[in-house]
Amino acid sequence: MPFKIAIFASGGGSNAEQIILHFQENSKVEVSLILTNNKNAYVLERAQKHNIPAVTFTRNDLYQTEKVLNLLKENEIDFIVLAGFLLLVPQNLIRAYSDRIVNIHPALLPAYGGKGMYGHHVHQAVFDNFEKESGITIHMVNQKYDEGRQLFQKSVPLNVTDTPDIIASKVLELEHEYFPLVIEDEIKKILGD
């Protein structure tokens, strides 16, 4: 039986799609489920395109019930990937998937992390502070935003002429290149490969 990944996303899902494509030919690992808290998220279209079941849930489902956890258990999920998921992961999921929830952040943590620091907000802050570089941090998830154990960082140089949108596109390139590879490495450690 393959090792099963669930991807949580709140928006477009370009990282989710890169992960799906990365594992498509892998007989040991599969993306089995897409979960979103946004019924209008484009990630739902991507899931449909790749024939992956997708489920929308509410904030209440996540924080006040066991619905999301039960869904993961019913689908025999082994590993969770947060790919542009904007809500704090609740304690029941962190306990059930200890050291098996990974997130990507579009900055070099610990800088530009924490509540409210996601997507364009991060790139705007990097721009406003005239940073000479930005990048990605891939980390395990704990009960605080962006504070879990770091697995990987990669930086990209910035030019003084780079707008927040240009910074975003440079960072997204790194995300697409490295996130699937780091996920695969973590899964290999779990499987003992």
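The values are calculated or read from the model by the stated rules, or taken from the named source; none is laboratory data. All of these numbers come straight from a predicted model, not from anything done at the bench. A quick note on method: Cβ atoms are made from the backbone with ideal geometry, for glycine too, and the neighbour counts reach across all protein chains shown. Note: areas computed on protein heavy atoms with side chains; ligands, DNA, RNA excluded. Shrake-Rupley method; radii C 1.70, N 1.55, O 1.52, S 1.80 Å.
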Residues meeting the amide H criterion for Leu86 (H placed from the backbone, H to H distance under 5 Å, 5 or more places apart or on another chain) are Ser10
Could you compute Rg(Cα) / (2.2 N^0.38 Å) for the chain, with N its residue count?
1.00
Mean Cα-pair separation over length for the chain, i.e. relative contact order, pairs under 8 Å, 6 or more apart, %:
19 percent
Taking amide hydrogens as modeled 1.01 Å from N in the peptide plane, which residues meet the under 5 Å criterion relative to Leu35, leaving out close sequence neighbours?
Ile7, Phe8, Ala9, Val55
Tell me the volume per residue, in Å³, of the convex hull enclosing the alpha carbons of region 66-113.
88 Å³
For region 33-112, report the translational diffusion coefficient in µm²/s to the nearest whole number, using Stokes-Einstein at 4 °C, 1.567 mPa s, and a Kirkwood Rh over Cα pairs.
95 µm²/s
Set Lys49/Lys170; Lys28/Lys73; Lys49/Lys189; Lys4/Lys73 screened for pairs whose C-alpha atoms are more than 21 Å apart
Lys49/Lys170; Lys49/Lys189
Each residue of region 85-100 in turn: what ³J(HN,Hα) in whole Hz from Karplus with 6.51, -1.76, 1.60 and θ = phi - 60°, glycine and Pro shown as x?
9, 9, 9, 5, 6, x, 4, 5, 6, 4, 5, 5, 10, 4, 6, 9
Relative contact order (percent, whole number), region 98-165, Cα cutoff 8 Å, 6+ residue spacing
37 percent
Of the chymotrypsin sites (Phe, Trp or Tyr not before Pro) in region 117-162, which ones lie in a loop per DSSP and count no more than 12 other C-beta atoms within 10 Å?
Phe130
How large is ³J(HN,Hα), in whole Hz, for each residue of region 150-158 in order, when computed from phi with the Karplus curve 6.51 cos²θ - 1.76 cosθ + 1.60 and θ = phi - 60°, using x for Gly and Pro?
6, 9, 6, 9, 9, 10, 9, x, 10
Whole-Hz ³J(HN,Hα) for each residue in region 28-41, computed from phi via Karplus 6.51 cos²θ - 1.76 cosθ + 1.60 with θ = phi - 60°, x for glycine and proline: what do you get?
8, 10, 9, 7, 9, 7, 10, 10, 9, 9, 10, 5, 9, 5
Whole-number accessible area per residue in Å² for the chain, which is evaluated in the context of all protein chains at 1.4 Å:
51 Å²
Expressed as a percent, the accessible surface of the chain that is carbon or sulfur, using a 1.4 Å probe and the full set of protein chains, is 49 percent
Could you pull out every residue, at least 5 positions away or on a different chain, whose amide H is within less than 5 Å of the one on Phe152? Hs are placed 1.01 Å off N in the peptide plane, and Pro or chain starts have none.
Ile138
Treating only the Cβ of Lys, Arg, Asp and Glu as charged (+1, +1, -1, -1), what charge dipole size does region 126-166 show about its Cα centre? Round to the nearest 20 debye.
260 debye
Can you bin every Cα-Cα distance in region 85-163 into 10 Å intervals starting at zero and give me the percent of pairs per bin, rounded to whole numbers?
18, 48, 24, 8, 1
Compute the relative contact order of region 1-103 as a whole-number percentage, counting only Cα pairs closer than 8 Å that sit 6 or more residues apart in sequence.
34 percent
Let me see the pair-distance distribution of region 16-58: every alpha carbon pair, 5 Å bin width, integer percents in order.
5, 24, 33, 21, 11, 5, 1
Sum of -39500 (n - 2.57) over DSSP H runs of 4+, divided by residues of the chain (222 nm, nearest 500)
-11500 deg cm²/dmol
Rounded to the nearest Å, the spacing of the alpha-carbon centers of region 48-99 and region 133-193 is 21 Å
